[in-house]
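Each remark here refers to the structure printed beneath this line.
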């Protein structure tokens, strides 16, 4: 049980900065997910915390102790690897017992703890098998068992579910959440899968090119993305983003793109772009775009032609072509839409996002939250 | 069916001459080692001796100091093998696990060194050995054989070590091992087939070596098998029956070892490429 702190943690490989001044405090018992596209530095950050990479700059603290120079084996942390990294020449029992043996734990205690761990993970019947005799899901459980048995100060998990098939992944996701809550062990979890990040993390750290883009709870990151990268990366399907200009016409603030215009709430008046150009990006998630009946006073923003409808069962997504742009809208699967049909779209005014076109930063971060979450 | 039969015939036609060519000396060796001196020189020669005898195999131990040659060869081959292992394991590990400046060049350098024929540098080598007053010393043979076997051993072990996932070692390090501990308890045992292959290959290399042994060893009691056979059994007049009997014994050692190792040897060579 402990906190993990990164202070200005930086890793360079030659000229490449893999992790750039990472600052993060993971609280005791907290489940933090590092998420980002491949090459964003999330795994490197995790490996530095584990001690498998040395930090180029900055500090790593476990509780109040700087551990930069402490070898991985003495940090009292456990790690689960993407490919499980079971010891191929040891049976499951010995895989799980290995760390305790290295610590000269008494034999009867090892035996008792191995069985307790195996019972918890439902792998008791596998203790005598070799790793190569196990399925992917079973290997994953053994890898978890190897981490759990130590009761370490922190769990580090590097994409532990990415080698499993979709169904098993969902099941193991839940198990890991339960395991972490029951054991109450501080956990840092790396994934490129934003669904895993949203469902598992108490907090999410979104990374890109070695830089932290945003830290927050899943709902914060989803509802108030700090820049257009986070806006596009978190959420599936991705948020619609349109390039255009902010302008005032007849006292009304509006966004105008090449294909359509949107009236903006008054609260957006405080938004200021970095230059004077007024170039911005307007963002709206597919679920906040509605296909509506085309009549006045219905909040219609624009009209377009249905390009494609994708049915997911519970939902359907319609790609609507407006001028040169495609707007993705979530629609009820019961609505009969056919390709080529002309439809009217309306945007949920309280769910609009506005980004500076030059910097990509959100222009709404300084605005009071109440106006946005009405 | 017809085509496969034809194909089979084609393969035989192509391979048969090669098989005959490579097996012929071995057959002659075995056949001669079982003949009496009279039968050896009989014309026309026969392949299967009319009165096969094992007499040659007991005579050779008294005709020449064969036991001493065996002992010396064993000493040199085992010593060279041990030295190769001692140096090639850490070298192969470093090449497999660490990325450092000059790594690629070094690998290439090893490969080129491997192709160097010993005879090219034997003169220079002699002067070096003489300067250290190490001529007529079996330890010299150990060092030279190890030096010449090392590049291949390092190359092979690099491939084997690379095929062990680094994560396995890292998991062991997180579990509490030092890097050295993780190497010795994970990567090395998991590369056991490669270690055996390298060991046996080094042994065979040193066991068969002739040129250095001929150049650097003078005393009769320090001769190794290869030179001993050549110098004493075949010195004044060639007693073919004795020579072939001794050669057979020497070859058996190599063949048995090679049979043990051949599967692992090819696996080791591929292992590096698979990643």
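The values are calculated or read from the model by the stated rules, or taken from the named source; none is laboratory data. Computed from a predicted structure; not experimentally measured. A quick note on method: Cβ atoms are made from the backbone with ideal geometry, for glycine too, and the neighbour counts reach across all protein chains shown.
Results, tabulated for the structure shown:
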item	result
Among (1) surrounded by 19 or more Cβ atoms within 10 Å (Cβ to Cβ); (2) within 14 Å of chain B (Cβ to nearest Cβ); (3) more than 13 Å from residue A:147 (Cβ to Cβ), the one test that residue A:126 misses	(2)
Positions within the range B:183-199 being part of a helix (DSSP H, G or I), more than 9 Å from chain A (Cβ to nearest Cβ) and touching a residue at least 12 places away in the same chain (Cβ under 8 Å), in sequence order	B:183, B:187, B:188, B:193, B:194, B:195, B:196, B:197, B:198, B:199
Test set (1) over 23 Å from residue B:174 (Cβ atoms); (2) touching a strand residue (DSSP E or B) at 6+ places or on another chain (Cβ under 9 Å) - residue A:148 fails condition number	(1)
Members of the range B:35-45 found to be free of Cβ contacts under 8 Å to residues at least 60 places away in the same chain and surrounded by 12 or more Cβ atoms within 10 Å (Cβ to Cβ), listed by number	B:39, B:42, B:45
Count - residues of the range A:27-56 that are more than 14 Å from the chain's Cα centre (by Cα) and in a helix (DSSP H, G or I)	7
Leading residue by the ranking (surrounded by the most Cβ atoms within 10 Å (Cβ to Cβ)) among those in the range A:155-169 that are more than 13 Å from every other protein chain (Cβ to nearest Cβ) and in contact with a helix residue (DSSP H, G or I) (Cβ under 9 Å, 6 or more places away or on another chain)	A:161
Residue within the range A:95-106 that is surrounded by 15 or more Cβ atoms within 10 Å (Cβ to Cβ), over 36 Å from the mean Cα position of the chain (by Cα) and within 13 Å of another protein chain (Cβ to nearest Cβ) present	yes
Test: residue in the range A:198-205 that is more than 30 Å from residue A:318 (Cα to Cα), within 14 Å of another protein chain (Cβ to nearest Cβ) and in a loop (DSSP other than H, G, I, E, B)	no
Meets criteria (at pLDDT 90 or above, within 20 Å of the chain's Cα centre (by Cα) and surrounded by fewer than 22 Cβ atoms within 10 Å (Cβ to Cβ)) for residue B:210	yes
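For every residue, the table says whether it meets (1) without any contact (Cβ under 8 Å) to a residue 60 or more places away in the chain; (2) under 26 Å from the mean Cα position of the chain (by Cα); (3) within 13 Å of another protein chain (Cβ to nearest Cβ); (4) surrounded by fewer than 15 Cβ atoms within 10 Å (Cβ to Cβ).
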{"residue": "A:82", "(1), (2), (3), (4)": "no, yes, yes, no"}
{"residue": "A:91", "(1), (2), (3), (4)": "yes, no, no, no"}
{"residue": "A:112", "(1), (2), (3), (4)": "yes, no, no, yes"}
{"residue": "A:116", "(1), (2), (3), (4)": "yes, no, no, yes"}
{"residue": "A:120", "(1), (2), (3), (4)": "yes, no, no, no"}
{"residue": "A:131", "(1), (2), (3), (4)": "yes, no, yes, no"}
{"residue": "A:144", "(1), (2), (3), (4)": "no, yes, yes, no"}
{"residue": "A:147", "(1), (2), (3), (4)": "no, yes, yes, no"}
{"residue": "A:153", "(1), (2), (3), (4)": "no, yes, yes, no"}
